[in-house]
Structures are given as structure tokens and as C-alpha cells.
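Let me begin by presenting the structure, written as C-alpha cells, before commenting on it.
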Amino acid sequence: MSQPLLSVRDLEVRFTMANAATWPWQTPPQVHAVNGVSFDLEKGCTLGIVGESGCGKSTLIRAIAGLAPLSAGTVTLDGTQVDYARRRDITALRRSVQMIFQDPVASLNPRMTIRQAVEEPIATFFPDRPKEDRRKQVRDYLDRVGIAERNANRYPHEFSGGQCQRIGIARALAAEPKLLLCDEPVSALDVSIQAQVVNLLRDLQREMDLTLAFVAHDIGIVRHISDDILVMYLGGLMEYGPALDVVKRPRHPYTRALLSAVPVPDPDVTVTPEILVGDLPNPMELPQGCFFQSRCPHASDICGAARPEERALDGSLVACVKAEQLAEKAALTG
Amino acid sequence: MTLLSVENLSIRFETPDGLVHAVNDISFRIDAGETLALVGESGSGKSQIALSILGLLSPNARTEGRVMYNGTDLLSLKTKQLNKIRAREIAMIFQDPMSSLNPYMTIERQLNESLELHEGLKGDAARKRVLETMDAVQIPNAKNRLRAYPHEFSGGMRQRIVIAMALLCKPKLILADEPTTALDVTVQAQIMRLLDEIRAEMGTSILLITHDLGVVAGACENTLVLYSGKVMEHADTRALFAEPQHPYTRGLLRAVPNVHDDAAELSAIPGQPPNQMLALTGCPFAPRCVDAIDACRDGVPDLCGEGHKRACIRPVEELT
């Protein structure tokens with residue numbers, strides 16, 4: 001393979017809680033939202049990022065898009081490292097990286113017709129294009145996402161959630177991005193509409209050779225759209241590998257617990273969820289060693305000693321010292 | 001034995017733009033110890049049904065029909081009479097655990113409030129009952145956490161407190177309105193197991209309102225599928241999932257992503273959610289239905305059948 005389109009190395013995001021220090025001379029506490037995540041994304045592929053709320057999955061892609069500050073690490077897009085402090089880099093980034101947000105209605109300006117909303121990125125990024133071309137493009141994009149042209153002069157509130165999400169997708173595509181970052185694009189939608197939008201994204205990707213990073217808490221959805229899956233917990237990478245491997249043969253105990261907790265829409269399948277005790281640790285004070293140890297059913301002393309390195313295991317990366325042991329055990333018990 | 005029966009319930013809202021038809025002529029029963037799931041997408045009226053049972057509808061709502069409980073029609077009761085039934089007979093668990101707790105009150109005071117109001121328990125007796133219930137919902141170290149405020153708990157723990165609050169007066173029926181929607185999957189699994197244990201121990205009936213078919217499959221005996229305020233299908237959960245007999249249920253089941261399923265494509269239901277400003281003249285699902293014929297738009301189909309009930313005029317064999 002040639003060089004990947006997006007390459008992220010040891011990315012960290014920390015937020016300073018400026019008002020949380022009791023006294024002015026104290027160092028304010030920091031929330032460790034993303035802790036050293038690395039991945040590569042090939043052109044035309046889809047990376048699914050899953051995890052529970054508060055695991056830093058949205059912050060990760062917001063940092064890539066330049067919407068959250070990077071504390072450490074590098075982001076390389078198309079072979080050039082992005083310098084988030086340079087205005088010119090940011091402008092270039094905005095053109096090549098577009099984002100789709102969770103709340104479809106809130107991400108559109110209520111006072112712009114949808115024609116204006118879709119036309120805006122074209123006018124901003126390609127100011128030399130004549131007006132007729134712009135109009136035609138708007139029509140094409142709207143048509144592509146299944147919104148009839150006669151509705152183009154309407155306002156966002158006149159559309160349903162699913163339609164607004166389609167318009168958001170059209171607007172993101174209008175910038176002709178290389179990379180599309182989707183931050184929970186379907187979690188606000190109903191099941192029947194959800195499937196429409198996911199299928200639309202898949203079709204668009206095939207036709208336009210788009211590269212997608214798809215964040216969601218629903219591993220079922222992610223599995224259907226992704227080539228690779230990255231599982232996060234407390235801002236750290238737990239498992240990263242081809243989608244089928246992660247779902248069929250989860251190596252990390254957290255991935256296993258996450259998968260077993262997903263309810264199956266079939267009463268004849270009796271799933272026995274591995275019920276995790278307790279809750280997510282406080283991201284202000286990261287635990288020593290493995291992030292997952294406090295809730296892991298297999299944790300022992302070595303897990304607390306140091307943060308486990310990501311090791312390659314059958315084509316996946318796994319951050320667990322006991323991954324091999326557990327895999328053997330699982331193979332024995334069938 | 002029938003505990004609660006909803007008979008021909010319709011709910012409409014008067015808005016400046018006209019009448020919104022939220023619930024259209026719905027009937028169902030819940031037996032003692034039964035778990036019934038109300039499944040539907042947003043706008044299908046599932047929450048409004050629960051709110052109407054406890055008299056919590058907004059002032060612009062107009063209801064028709066009856067909700068019979070112990071021989072009385074709950075829809076006709078005044079607040080004072082309803083308060084005798086709320087919490088003690090029928091309790092509710094709301095979707096968002098943060099906004100259903102008062103942020104200014106300690107957990108103990110909030111739980112005591114309900115006991116004092118409904119059962120007149122105070123002091124040590126009340127505290128004893130509160131601790132028992134908190135143990136029942138598996139809040140660790142309950143004794144030391146009585147003085148804590150809601151923000152000091154995590155989402156899953158808050159939902160446990162809300163469930164404890166519903167259980168305090170040992171109700172016969174719990175209306176659980178999307179109890180796990182705001183929670184993560186791992187916590188959702190904890191809460192669903194808890195509800196199941198409570199039902200087994202206390203024999204409480206549960207009306208579970210949800211949009212998640214996965215949750216229903218694991219938790220309920222019977223399932224009622226709603227679309228646009230109308231019952232589409234009402235059957236034993238197992239039968240409903242094995243052989244859905246309504247095009248909407250079929251479409252819905254195909255649209256749910258299943259982690260253990262290898263099909264690359266999700267089959268979506270085409271079209272948009274219905275406009276509820278218009279009164280029903282035909283089958284509400286007809287505009288999106290792949291099997292719809294002209295007759296579907298002419299009259300509202302009745303819910304018919306024994307055991308496995310469905311509201312569709314086309315025979316099962318002819319459906320795709």
C-alpha cells in the first residue's frame with residue numbers, strides 16, 4: 001500500500017478545567033480526553049470508532065478536524081503534517097476534511113434555505129466557479145442525497161431529522177473533501193431512517209471514493225459500514241483491527257464485554273451479557289497501568305504495573321497483557 | 001387477571017397549527033405479572049400513552065376512550081384521586097435520570113418525600129424502607145450515599161435511584177419510559193437485568209416503552225408495535241420476532257443493525273415519518289409500505305386476529 005490518507009500518531013487531547021482549582025496558585029486539574037491514539041486510514045476505506053460515552057471518540061475526530069486542541073501527537077493528511085497553529089494549514093484542512101454532526105437540525109443554520117446551506121461551501125472554497133455551475137452542483141448534490149430540487153428554497157425546520165441529516169451530508173460533500181468525519185451521524189435518528197442514512201453514506205463512498213471516519217456508540221451500525229474498527233476506552237486505544245476480526249474474535253476483554261452487552265433483536269438468541277461492574281473511572285485522574293483494569297473481570301497485579309503496549313495479534317492491535325492467554329482460554333471453552 | 005386495560009384510547013393535542021393526532025384508537029390489556037413492550041419510533045405516541053395513564057399529559061391534550069384500573073377510569077379522575085394511585089399502584093420511570101431527579105435535594109429527601117406523601121411513613125421506618133429499596137436496586141454502600149446529591153452519581157447509578165423511587169411504594173405496575181435510552185450499552189445490560197430481577201421477585205407488571213427492538217427481544221413476553229399512534233401488531237414477542245405479520249414490523253426488524261449478522265447492507269424503510277396533523281383516513285404506514293395496494297389508503301385497518309393480532313388488510317402469505 002502507498003501512504004495512507006490520514007495518519008494519526010500518539011494523539012493526546014487534554015482540557016484544562018480553568019475554574020476547578022480551589023485557589024489561584026494551584027495548578028488547575030486536567031481532563032485527559034484522548035490519551036495517545038495512533039491509527040492509519042487508507043484512501044477509500046472506512047474507520048469505525050466505537051466506545052461508550054466519555055471515552056473520547058468524538059474528541060479524537062474533533063481534534064483531527066481542528067475543533068479541539070491537540071496537546072501532543074501528530075496528524076498527517078495526504079503526506080503532509082498538519083500544523084494546527086498555522087492559519088493557512090487550517091484553511092486547507094477545512095477544505096479537505098469535512099464533518100457531519102450528531103444533531104442534524106442544530107448543525108444547519110435555521111435562517112438559511114437549504115440551497116444557501118449547500119451553496120455556501122462551494123462559494124467559499126471555489127470562488128472562481130460561475131454561478132450557473134454552482135447552482136447545478138447544488139442541484140446534483142441534493143439529488144444525490146435524495147432531496148428533491150423543488151424543496152431547495154425551504155428552511156431546515158420544514159424537514160424531518162433524517163432529511164436534515166441528508167442535507168448535512170450534501171453540504172459536507174459540496175466542499176469536495178478527501179476525508180469525511182462523521183460524529184454519531186445516525187444516533188439521533190429512528191431505526192428505519194438510520195438505515196437509510198447509513199446506506200446513503202455507503203453508496204456515496206463507493207461512488208465518490210470517499211474516505212470516512214465514522215464515530216458511533218452502536219457497534220452494530222459501525223460494523224455494517226466499517227473496514228476497520230477502533231475500540232476506545234477512557235481516551236485510550238483498546239483494540240484496533242479489521243471489522244470482522246474485532247466483531248467475531250474480540251481480543252480485548254473490553255471489546256468482548258461491549259459486544260456481549262449489545263442486545264440482539266431475536267428472542268431465541270440468549271445472550272448472557274458479561275455485566276461489567278462499576279462505571280468509567282474519572283478522566284481527571286488516570287489510573288496507573290491499564291485503563292480498563294478497575295472493571296475488567298480478568299485483571300490481576302500485572303495489569304496495574306504499567307499501561308499495556310499495543311501489540312499485534314492476528315492482524316489486530318490489542319492493548320492487553322493477557323490477550324494471548326484469554327484467546328487460548330476462549331479457544332478451549334469453545 | 002387483567003390489571004390495566006386501555007380501551008379505544010385516542011389522544012390529540014390542540015396546537016396553534018391545528019390538531020395533532022398523537023394516539024389513534026388504541027386498545028390493549030396488561031395482566032398481573034406481565035411484561036408488555038410498546039415499541040415504536042419517535043412520534044408514534046408511545047410515551048403519550050404512558051403519560052395519559054398517570055394523568056400527566058400536557059394541558060392542551062384531549063383524550064377519548066377509557067383507561068380502566070380496578071374498575072375506575074383513570075382518565076376521568078381528578079388530581080387528588082390520581083395521587084392515591086400514582087406511586088402506590090402505578091409508578092413511572094422516566095427516560096432521562098438526570099432531569100427526573102431534583103438537583104437541589106439529597107437522595108434521601110427525594111426518596112422520603114414519596115414515602116411520606118403516599119404512605120405517611122416518616123423517620124426510621126422511612127429510612128429503613130429507603131435502604132431496603134436501594135439495596136434491591138444494587139446501589140453499593142447505600143447507607144453512606146443517602147446524603148449525596150444526584151450529580152455525585154453516574155448515569156447508571158442515577159437510573160437505579162429513579163428505579164428505586166418507583167419501587168418504594170411497591171407498585172403493581174411500573175411504566176418504564178425508555179429507561180435505558182440515555183445509558184451506554186454495558187450499563188443498559190445492568191439495568192435490564194435489574195428490572196428482570198425485580199419483576200421476578202416482586203411480581204410487578206412492567207410496561208416497557210422503547211424504540212430498541214433488541215431490548216424488547218430480551219425482556220418482554222408480549223410486544224405491541226406502534227406506528228403513527230396506531231397499533232400495527234400485537235403478539236407474543238417470540239412469535240412477533242420469528243414471524244412478523246405486518247409489513248412495518250418486518251421492515252423495522254430488517255432495518256435494525258445486528259452485530260452478529262454478516263449482511264453488508266441494511267434494508268431501510270423508504271420514505272419519511274408520517275405527518276400527524278392529518279387525521280387518519282387509511283393505513284398510516286401505506287405511503288411507506290412496499291406491499292401497499294389502493295385499498296390500504298381507503299380505510300383504517302382494524303386490529304384483528306386471536307393471539308397474534310395485526311392491523312393489515314393484506315393476507316400474510318401475500319406480503320414480501
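Give me the residue from region B:266-320 that is polar (S, T, N, Q) and surrounded by fewer than 12 Cβ atoms within 10 Å (Cβ to Cβ) and, out of that set, farthest from B:L253 (Cα to Cα). Checked region B:266-320; the qualifying residue farthest from B:L253 (Cα to Cα) is B:T281. B:Y227 falls short on exactly one of the conditions (1) among the aromatic types (F, W, Y); (2) without any contact (Cβ under 8 Å) to a residue 40 or more places away in the chain; (3) more than 9 Å from chain A (Cβ to nearest Cβ), and that condition is (2).
When residues in region B:144-174 are screened for being in contact with an Asp or Glu (Cβ under 7 Å, 6 or more places away or on another chain), among the basic types (K, R) and in a helix (DSSP H, G or I), 0 of them pass. For the subset of region B:237-254 comprising residues that are within 12 Å of chain A (Cβ to nearest Cβ) and touching a strand residue (DSSP E or B) at 6+ places or on another chain (Cβ under 6 Å), which member is surrounded by the fewest Cβ atoms within 10 Å (Cβ to Cβ)? Of everything passing the filter in region B:237-254, B:T237 is surrounded by the fewest Cβ atoms within 10 Å (Cβ to Cβ). Apart from one condition, B:P287 fits all of (1) under 30 Å from A:D245 (Cα atoms); (2) not in a loop (DSSP other than H, G, I, E, B); the exception is (1).
Based on this model, can you work out whether A:P273 counts as within 19 Å of A:V231 (Cβ to Cβ), assigned to a loop (DSSP other than H, G, I, E, B) and at pLDDT 80 or above? Walk me through it before giving the result.
Details: within 19 Å of A:V231 (Cβ to Cβ): yes; assigned to a loop (DSSP other than H, G, I, E, B): yes; at pLDDT 80 or above: no.
Here the answer is no, as A:P273 does not meet what is asked.
I want to confirm something. Restricting to region B:123-180 and keeping residues that are polar (S, T, N, Q) and more than 19 Å from B:A219 (Cβ to Cβ), which single residue is farthest from the other protein chains (Cβ to nearest Cβ)?
Of the residues in region B:123-180, the ones polar (S, T, N, Q) are B:133, B:138, B:141, B:144, B:154, B:159, B:180.
From the residues that got through so far, the ones that are more than 19 Å from B:A219 (Cβ to Cβ) too are B:133, B:141, B:144, B:154.
Values: B:T133: 20, B:N141: 12, B:N144: 16, B:S154: 4 Å.
Filtering first and then ranking leaves B:T133.
For region B:206-217, the criterion of being without any contact (Cβ under 8 Å) to a residue 60 or more places away in the chain, more than 14 Å from chain A (Cβ to nearest Cβ) and surrounded by 17 or more Cβ atoms within 10 Å (Cβ to Cβ) is satisfied by no residue at all.
For B:L183, state whether it is free of Cβ contacts under 8 Å to residues at least 12 places away in the same chain and not in a helix (DSSP H, G or I).
Details: free of Cβ contacts under 8 Å to residues at least 12 places away in the same chain: no; not in a helix (DSSP H, G or I): yes.
Considered against the rule, which asks whether it is free of Cβ contacts under 8 Å to residues at least 12 places away in the same chain and not in a helix (DSSP H, G or I), B:L183 comes out as no.
Tell me the strands (runs of 3 or more DSSP E) entirely within region B:8-108 that contain at least 1 residues that are out of contact with any Ser or Thr (no Cβ under 8 Å at 6 or more places or on another chain).
On the way: elements: B:18-31, B:35-39, B:61-69, B:90-93.
Answer list for region B:8-108: B:18-31, B:61-69, B:90-93.
Filtered by the rule that a residue be more than 10 Å from chain A (Cβ to nearest Cβ) and among the small types (G, A, S), region B:181-205 gives B:A200, B:G203, B:S205. Among the residues of this structure, A:R307 does not count as one that is surrounded by fewer than 20 Cβ atoms within 10 Å (Cβ to Cβ), more than 8 Å from chain B (Cβ to nearest Cβ), part of a helix (DSSP H, G or I) and of a type outside the set (S, T, N, Q). Residue count for region B:248-275, restricted to those that are under 9 Å from A:A195 (Cβ atoms) and in contact with a Leu (Cβ under 8 Å, 6 or more places away or on another chain): 5.
Just checking, which of B:S76, B:S58, B:S114 is within 25 Å of B:T210 (Cβ to Cβ) and surrounded by fewer than 16 Cβ atoms within 10 Å (Cβ to Cβ)?
Working: B:S76 fails: within 25 Å of B:T210 (Cβ to Cβ); B:S114 fails: surrounded by fewer than 16 Cβ atoms within 10 Å (Cβ to Cβ).
Exactly one residue qualifies, and that residue is B:S58.
Evaluating A:A18 against the criteria (1) under 30 Å from A:E132 (Cα atoms); (2) more than 21 Å from the chain's Cα centre (by Cα); (3) surrounded by fewer than 16 Cβ atoms within 10 Å (Cβ to Cβ) leaves one unmet condition, (1).
Just one of (1) in contact with a Lys or Arg (Cβ under 9 Å, 6 or more places away or on another chain); (2) modelled with pLDDT of 90 or more; (3) over 29 Å from A:H217 (Cα atoms) fails for B:I174. It is (3). Against the list (1) more than 24 Å from B:E201 (Cα to Cα); (2) under 23 Å from the mean Cα position of the chain (by Cα); (3) surrounded by 19 or more Cβ atoms within 10 Å (Cβ to Cβ), the condition B:D96 fails is (3). Contact annotation: residue pairs with Cβ atoms under 6 Å, 6 or more positions apart or on different chains, pairing a residue in region B:158-180 that is within 25 Å of B:R29 (Cβ to Cβ) with a partner that is basic (K, R), are B:C169/B:R88. Identification of helices (runs of 4 or more DSSP H) wholly contained in region A:191-248 with 2 or more residues that are buried (at least 21 other Cβ atoms within 10 Å of the Cβ), modelled with pLDDT under 90 and within 13 Å of chain B (Cβ to nearest Cβ) yields A:191-208, A:219-225. Select from region A:90-121 the residues that are in contact with a helix residue (DSSP H, G or I) (Cβ under 7 Å, 6 or more places away or on another chain) and surrounded by fewer than 17 Cβ atoms within 10 Å (Cβ to Cβ) and write down the one among them that is farthest from A:Y155 (Cα to Cα). The extreme case among them is A:R95.
The values are calculated or read from the model by the stated rules, or taken from the named source; none is laboratory data. In this text, all values refer to a predicted model and were calculated from it rather than measured experimentally. All Cβ positions, even for glycine, are placed from backbone atoms using ideal geometry, and neighbour counts span all protein chains on display.
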